[in-house]
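Read through the structure below, which is laid out as structure tokens, and then see the notes.
The values are calculated or read from the model by the stated rules, or taken from the named source; none is laboratory data. Fair warning: this is a prediction, and the values are worked out from it, not measured in the lab. Note: ideal-geometry Cβ built from the backbone for every residue, glycine included; neighbour counts use all protein chains shown. Ligands, DNA and RNA are excluded from the accessible area calculation, which covers all protein heavy atoms including side chains. Shrake-Rupley method; radii C 1.70, N 1.55, O 1.52, S 1.80 Å.
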Amino acid sequence: MWIQPEEVLLAGALWVSERANPFFILQRRRGHGRGGGLSGLLVGTLDVVLDSSARVAPYRILLQTSDSQIYWNVACGSSRKEITEHWDWLESNLLQTISIFDNDEDVTTFVKGKISGIIAEENRLKQGEEPEEDCGKFREAELKMRRLFGMPDEEKLVNYYSCSYWKGRVPRQGWLYLSVNHLCFYSFLLGKEVTLVVQWTEVTQLEKNATLVFPESVRVSTRHTEHFFSMFLNINDTFKLMEQLANIAMRQLLDNEAFAADRSLPKPSKTLKNVSLDLDARAKNERYRAMFRLMQDERLDGHTDCTLWTPFAKMHVVGQLFISNNYICFNSREEDLCQLIIPLREVSIVEKADSSSVLPCPVSISTKNKMNFLFANLKDRDFLVQRISDFLQRTPDSSWGDSSPLSLIGQSASSSASQGLLQLYYRDTPEDLGPKEKMKEEAWNIHFSEFGRGVCMYRTSRTRELVLNGIPERLRGELWLLFSGAQNEMVTHPGYYGDLLEQAMGQCSLATEEIERDLHRSMPEHRAFQNEMGIAALRRVLTAYAHRNPGIGYCQAMNIVTSVLLLYCTEEEAFWLLVALCERMLPDYYNTRVVGALVDQGVFEELTRAFLPLLYEHMQDLGVISTISLSWFLTLFLSVMPFDSAVLLVDCFFYEGIKVIFQVALAVLHDNMDALLSCSDEGEAMTILGRYLDNVVNRQTVAPPIPHLHALLTSGDDPPQEIDIFQLIKSSYEKFGSLRSDVIEQMRFKQRLKVIQSLEDTAKRSVVRAMMTESAFSIEELEELYCLFKSKHMTSCYWGSSSSAAERHDPSLPYLEQYRIDPAQFIQLFTALAPWVCGGHTPTLSARLFRLLDQNQDRLVNFKEFITGLSGMYHGDMMEKLKLLYKLHLPPGIPPPPFEKVKDYRYYLRMWAREKEPRRGTIKDLPRMNQEQFIELCKTLYNMFSEEPQEQQLYHAIATVASLLLRIGEVGKKFNNGSKKMETAAAQAPPLDPQREGGSGEAQVCQALADAQLEPGTPQTSDEEAKDDTSVSSYSVVSSGSLQCEDIADDTVLIGGEQRRGSVLDVDWSITFEQVLASLLTEPPLVDYFERKVNIQDKMVACKTQRAVERQISSASDHEDTQPSV
């Protein structure tokens, strides 16, 4: 076992060296094993005589360095096998790594740290010994993660590991923290600190590999860099957890439901790693549902090894029994040997049978249609029977009254509702099935009699053989429902389809408009859709599904697939088959961005590279694979192959899943390899593949051949040779049958990372292109700002308040409006990025800008609005900047007072007339500013200059401008009051004192600004606008001939129009924007300030590093305990 490294001064005393390399020595204790002589006997005797606590393990491994006489004992073992395993691990994982170190001290420090980490990991993995202590250590690690990386309480730690992070070619030993939303690493070694935080939503690739440089490592790739982690105690478990967390993040980028799933994760409480266990349970549930085609809400309760008696083979089949809340399922250990699904609604009796040496611990399960299943070799039979009984009691009584599954599907009836369109179309035609069709039906009837019929049927390799030979047309609807799992969903939701139709009919939406547009494009060559009956049925099914799943609504290609389903099924059956396709069998295929199809397109490219490498290289140059695969997968070959042939692929698809589509696609490329390799352009390759698929025929079809429009248009004078569909399917299984569903799912995960991140990049480019014409930022600046804005949005989604993510992210909106932030996030971004630094007054100014930009008043600002406000500050000329600053101090920047004067009808008529007039957009359109708003503007300007090099000159200038504007307002007030009133006031006024006249404006600005100041003992009434900024006090006295007044603090504000002691506002006083502009132009320091160009790059870099700086500050005093005590 590994031990804490301890010094050994005499490495040769009482020990014999058996293996050695430049850094490690494997030694055997003298007297143990072969030979040893007299000294060995003496040592062995001492070891036996001494107390057991003093006995020494017979094997050990020492760490040695060339320049040191001190050795370090790092491992010991009681057997040669145990110590050899440790030796092999050191040679394969550490030897190559430490060989690159420059000095021996670093080698010793690194190895000691690594061994200590492994011991801590092993101790932590010993479950059940000290659960409470383990839970306490896990909580300690979670708190340490939050402190080191500045994470809030909402961030849930999933697990943490000791590992090495490669910085260049030097590994840094430390701790890897995997939380729900972040991957974090921290190391503090030899005085050097390494901190890394990566959001899972930024990960583009996860890969586990072993190279010469990085032995058995995990590579985490983002758009801009790659990170390597190695030397895990159990790398497979770590990588599996990383995949799960990255997959959750991709779902968050794809839709909003993943955020709800994130919030449903438990927090660690009494047991260790509740979140990790919950993620494992999710992964098992997904595999279970995919294996047996069950509904999305099915939850696996447990599974156990057992045997199943198969009456058709007269033998016991070894496999696993799965129990969930609604089903009992069995899957054989040998692939395709036997699979069984028993819905609890069909179970009548569960009982323990008599045990024997041949049949130990058996359980018998009987169903309502008289089938009996015998399971044996169950480890905990009593608990299993009790568990099944508990689930049976919860099964709704309404479903217990169901009769045989045969009464639910596949039965002929006189009414049109119980038949597919194909049966209705051929209803009056004399029945002539043909010999091959009759043979197929007879083969299936024999199969039903031997293996059972309905949902409880034994599914074996014989079942697959019959499916590959083609399902008879009269059984196709029944078996599609059975193999897809749609039958279970239909039976458990009686009346659901009818209720949906009632709710959806008469409603108009974008989806219904698209459906109407595509109705007559769905298999127009088939007579079933050349009349209103077929069109109406297709309309009802598509409309019902769009109403059920508005997130998908309607997507092109759904009409083609649904029209084929309607040929063999009733409307309700076709609806549930469509549900199974869109939500389980082809996940994410039919959404607005066809993500699932793009993912499988990437998988197909990877499979082509693996199976057909020469053709892959050539077709990549032509760009053909990405063009052809999308239409093949979206319509399951129905749009590119004659109907009678493509429907056989649909048969195989419902039984085998997407695997068969990949196999056939590879077989098509393989059959045309020589012709494709000789192609010189994409068009020629497309023509070859199109003509090949047009001539894939089904010679066993019963119905009259349905012409394929594409084949008619491209046939030419010399049509190519026909290809038999059965031969194509057989060839695909012979050449590419080694494909496995679990491998495809693994490949889908890798491609999903690439596809979703690629779509995000496309969205970013679209936003940048749209904003290029509306802002003066460069492309690079817009991209950086978009990333910061999106990051803030994502943070608010998984750390936000009670508001749901759906309010903030709507994928149906244009790219510019999808991501939105609330006032709190806006203030944070404004504070970090805005060029106008106002100290403690910044939150107030940002809140005003938010209200100004939030035109629809939903308290959310999108990226376009955000850039509009920011662009004016950075790239506007002096007039635009001043105009923005002016607007920030008018409504809605400053909320209007709660009580307003009641307007009469003439006021609204004048406003209506003004709205009808053409707007010229001049500065004269800006409303006048009253005295209270002017005081707010002055306070903002005073705070803006606190960190400027020309601080004194700017304060001098703004004081002069403020005094001038107050005088202008006074003069304007006299003119607005009328000449008569002015003459009366002039006649009654006493003679003017020159000194008082010169100081009247100064007195008013001093009085107005001083009136707004809080008294020293007055409590602050607003946390946001009452923060003191001592830097403003640097202005005290300006030069003679200008204004002299007291220091103006940041709390100079009138709140809500409330008058304080000694403050009197003049309601008739006002100024215009032209007057403000003209006054500011008289002061060169102010002109220089507002005309100066500011570089936003520095601000963006500071914004990105701000969190890292906060983490370093928060952890500066915690270096000595950064390693969790596990």
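Observations on the structure shown:
- Binned Cα-Cα distance frequencies in region 824-888 - 10 Å width, integer %: 21, 60, 19, 0
- Gain on full stretching of the segment that runs from MET439 to ASP877 - 0.36 nm per residue minus C-alpha separation: 149.2 nm
- Put simply, the amide H of VAL8, placed in the peptide plane, has neighbours under 5 Å in TYR71, TRP72, ASN73, leaving out anything fewer than 5 places away on its chain.
- In plain terms, the chain from GLN556 to ARG765 could stretch by 72.8 nm, reckoned as 0.36 nm per residue minus the Cα-Cα distance.
- Estimated distance in nm for a label pair at LEU510 and MET772, the labels positioned 7 Å out from Cα along Cα-to-Cβ: 2.5 nm
- Solvent-accessible area per residue, Å², over region 159-259 with all protein chains present [probe radius 1.4 Å]: 34 Å²
- Equivalent-ellipsoid semi-axes of region 725-775, from the Cα gyration tensor, Å, largest first: 42, 14, 5
- Heavy-atom accessible surface of region 433-543: percent carbon and sulfur, 1.4 Å: 52 percent
- Averaged over its residues, region 617-686 has an accessible area of 27 Å² per residue, based on protein heavy atoms and a 1.4 Å probe.
- For region 320-394, the calculated P(r), taken from all Cα-Cα distances in 5 Å bins from zero up to the bin holding the longest distance, is 3, 15, 27, 26, 20, 8, 1 percent.
- Spin-label model, VAL1087/LYS735: points 7 Å from Cα along the beta carbon direction are separated by 7.9 nm.
- Rolling a 1.4 Å probe over the heavy atoms of the protein chains gives region 813-860 an accessible area of 37 Å² per residue.
- A simple spin-label model places the labels of VAL971 and ASP278 7.0 nm from each other, with each point 7 Å out along Cα-to-Cβ.
- Accessible heavy-atom area order of LYS192, LYS144, highest first, probe of 1.4 Å: LYS192, LYS144
- If you plug the beta carbon distance of ARG387 and MET315 into 1/(1 + (r/R0)^6) with R0 = 22 Å, you get a FRET efficiency near 0.20.
- Percent carbon-and-sulfur accessible area, region 716-776, ignoring ligands, DNA and RNA, probe 1.4 Å: 47 percent
- Scoring 859-868, 456-465 by mean Cβ neighbours within 10 Å over their residues and listing the highest first yields 859-868, 456-465.
- Extension gain, ASP106 back to ILE349 (0.36 nm per residue minus Cα-Cα distance, nm): 80.6 nm
- Calculated on C-alpha atoms, the gyration radius of region 521-612 divided by its Kirkwood radius gives an Rg/Rh of 1.06.
- Of all accessible heavy-atom area on region 128-254, the percent that carbon and sulfur account for (1.4 Å): 49 percent
- When the listed pairs LYS240/LYS659; LYS137/LYS792; LYS440/LYS730; LYS208/LYS240; LYS192/LYS792; LYS659/LYS730 are checked against a 20 Å cut-off, the alpha-carbon distance exceeds it for LYS240/LYS659; LYS137/LYS792; LYS192/LYS792.
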